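Beneath this line is the structure, given in structure tokens, with notes to follow.
The values are calculated or read from the model by the stated rules, or taken from the named source; none is laboratory data. All of these numbers come straight from a predicted model, not from anything done at the bench. Backbone-built Cβ (ideal geometry, glycine too); neighbour counts: all protein chains shown. The protein model used for the area step is the full one, side chains on, heavy atoms only, and it has no ligands, DNA or RNA in it. Shrake-Rupley method; radii C 1.70, N 1.55, O 1.52, S 1.80 Å.
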Amino acid sequence: MKTLYYKINTYGCQMNVHESEKIAGMLEARGYHATEDDTLADVIVFNTCAIRDGAETKILGNIGATKKLKKAKPDLIIAVCGCMTQQKSRADEIRAKYPQVSIVLGTHNLADFGKYLDTYISDRHRSTYLEDTERPINEDVPMYRTSGHNAWVNIMYGCNNFCTYCIVPYVRGRERSRNFDDIVHEVETLVADGYPSITLLGQNVNSYGNDLHDARFTFPKLLARLDQIPGDYVLKFMTSHPKDLSSELIDIIASSKHISHTIHLPVQSGNNRILALMNRRYTIEKYKGIVNEIRSKIPDSHLTCDIIVGFPTETEEEFMDTYNLVRDIRYDGVFAFMYSPRRGTPASTMEQVPSEVKHDRINRLLKLSKSIIKENSTNFLDHDYHALCDKIVDDTAIFLLDCGKTVNVKLDGSENIRCGKMYDIHVDSLKNNILWGRKINL
Ligand code: 5AD
Ligand code: SF4
């Protein structure tokens, strides 16, 4: 029998990376095998993102490029799913402009992708599946994990926050939390399977459980419970909304055995007027208070953040508040974006900042954060870490700290180091901005 192949093109966030693992699970269950070669694929899936205009433009270009492939192989099945297609206007556009696309489906229909594929194979009718409201969580979707040493675990779906720039609440629906015991069971299985890194996913993990209406099922309680699972692994989570990050959570991280001390805490802007316009529901004073509490209770913590520059009406002085905040907080990672108007969101109708101003601001901000990250490297010197051996290239093992920094260790052949395992290392030196260390026995 002919071997059938699939290729999944994933765009956007970790949530999508993990959802592609579910799409892969449904394809593998039907006997398909993964390939990176477009010309070999019998099914090509585009798992799309709608967070910024740049993502959508790139995806449409890549879908357009499949026209030739379909011509050369008329049986090729092309499916487009994810946040972009959940917007009806985009789903209609893809159907109309790209006749080579066989199946279009939205985020709420993802669990049925396999069935839609079966239907298309039997009737060859182009179809769009687009429900406009969320369904109950389906725990029966098979999963084919592809993210190496890290396993993703959804703890919740959707978002209720409606930040005024953001499309996510419109394309992902309201917050739905997974059952507490289902999550515990999944993480226990992953630890037993030997995953050294497990990342809990949600648009706003701190509001986990709000819809479960039971004081036993909150995010801090979930973390505390998961931390009790014995094993050698690091538990990470993303993303935290500063408005909901509690002292209880900080205390649990501080006293935990497995929870990462790297906290991704998107600030978005350093200016209170802009934060209010964004509907973020915290002030910069409150944000700085959380940062101080994290740093005093978890002295070896690392902080990363997301920032939007050029939000509608942002003045130079207001941008400088963000710039100065980054300079003062000295983040270990800054993910900065130029504001991109999203159709249907409140900010898209506000007075826009010119594109060249946005470019100038993001360049200045990235230059600053790059130089801080470089300077921060010296903070790692002479410290011990329990770190993951991520790769071995020739005689050098590359270790990944849970803050994302890498440390190189030269191997002399006697260490018996294996990829995917955790080891204790000591950081000795910094050469050409690369940290070097050695394995130690604690
Ligand atoms: N324009 C630019 N950046 C955005 N983000 C979300 N929506 C937009 C937008 N319309 C950024 C935010 C968020 C990250 C995932 O993407 O910083 O935290
Ligand atoms: Fe978007 Fe705000 Fe929800 Fe994050 S919290 S997904 S930025 S609406």
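Remarks
- Flag for Tyr144 being away from ligand 1 (no atom under 16 Å from the Cβ), open to solvent by 50 Å² or more (accessible area, probe 1.4 Å) and either under 18 Å from Thr239 (Cβ atoms) or not small (Gly, Ala, Ser) (or both): yes
- The condition of being farther than 25 Å from Glu134 by Cα, out of contact with any helix residue (DSSP H, G or I) (no Cβ under 7 Å at 6 or more places or on another chain), in a helix (DSSP H, G or I) and of a type outside the set (S, T, N, Q) does not hold for Lys7.
- Any hit, the range 303-323, residues being in contact with a Ser or Thr (Cβ under 9 Å, 6 or more places away or on another chain), surrounded by fewer than 20 Cβ atoms within 10 Å (Cβ to Cβ) and either in contact (Cβ under 8 Å) with a residue 60 or more places away in the chain or under 26 Å from Leu235 (Cβ atoms) (or both): yes
Matching residues to (1) more than 18 Å from Thr107 (Cα to Cα); (2) of a type in the set (A, V, I, L, M):
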{"position": "Gly173", "(1), (2)": "no, no"}
{"position": "Arg176", "(1), (2)": "no, no"}
{"position": "Glu186", "(1), (2)": "yes, no"}
{"position": "Asp193", "(1), (2)": "yes, no"}
{"position": "Ser197", "(1), (2)": "yes, no"}
{"position": "Gly202", "(1), (2)": "no, no"}
{"position": "Val205", "(1), (2)": "yes, yes"}
{"position": "Tyr208", "(1), (2)": "yes, no"}
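- For Val205, the criteria (1) touching a Ser or Thr at 6+ places or on another chain (Cβ under 9 Å); (2) surrounded by fewer than 16 Cβ atoms within 10 Å (Cβ to Cβ); (3) at pLDDT 95 or above hold in every case but one, which is (2).
- Residue within the range 167-176 that is within 16 Å of ligand 1 (Cβ to nearest atom), among the basic types (Lys, Arg) and in the same structural domain as Lys243 (by TED's automatic domain parsing) present: yes
- Against the conditions (1) of a type outside the set (Asp, Glu); (2) in a helix (DSSP H, G or I); (3) touching a residue at least 12 places away in the same chain (Cβ under 8 Å); (4) within 14 Å of ligand 2 (Cβ to nearest atom), Leu275 satisfies every one except (3).
- Residues located in the range 324-342, provided they are surrounded by fewer than 17 Cβ atoms within 10 Å (Cβ to Cβ), more than 24 Å from Asp402 (Cα to Cα) and within 15 Å of ligand 2 (Cβ to nearest atom): Pro341
- Pro266 being assigned by TED's automatic domain parsing to the domain that holds Ser371, modelled with pLDDT of 95 or more, under 22 Å from Asn376 (Cβ atoms) and not in a helix (DSSP H, G or I): yes
- Boolean, Leu249 is closer than 30 Å to Arg361 by Cα and crowded, with 20+ Cβ neighbours inside 10 Å: no
- Residue in the range 149-156 that is modelled with pLDDT of 95 or more, within 16 Å of ligand 1 (Cβ to nearest atom) and in a loop (DSSP other than H, G, I, E, B) present: no
- Condition broken by Lys2, with the remaining ones in (1) of a type outside the set (S, T, N, Q); (2) in a loop (DSSP other than H, G, I, E, B); (3) buried (at least 16 other Cβ atoms within 10 Å of the Cβ) satisfied: (3)
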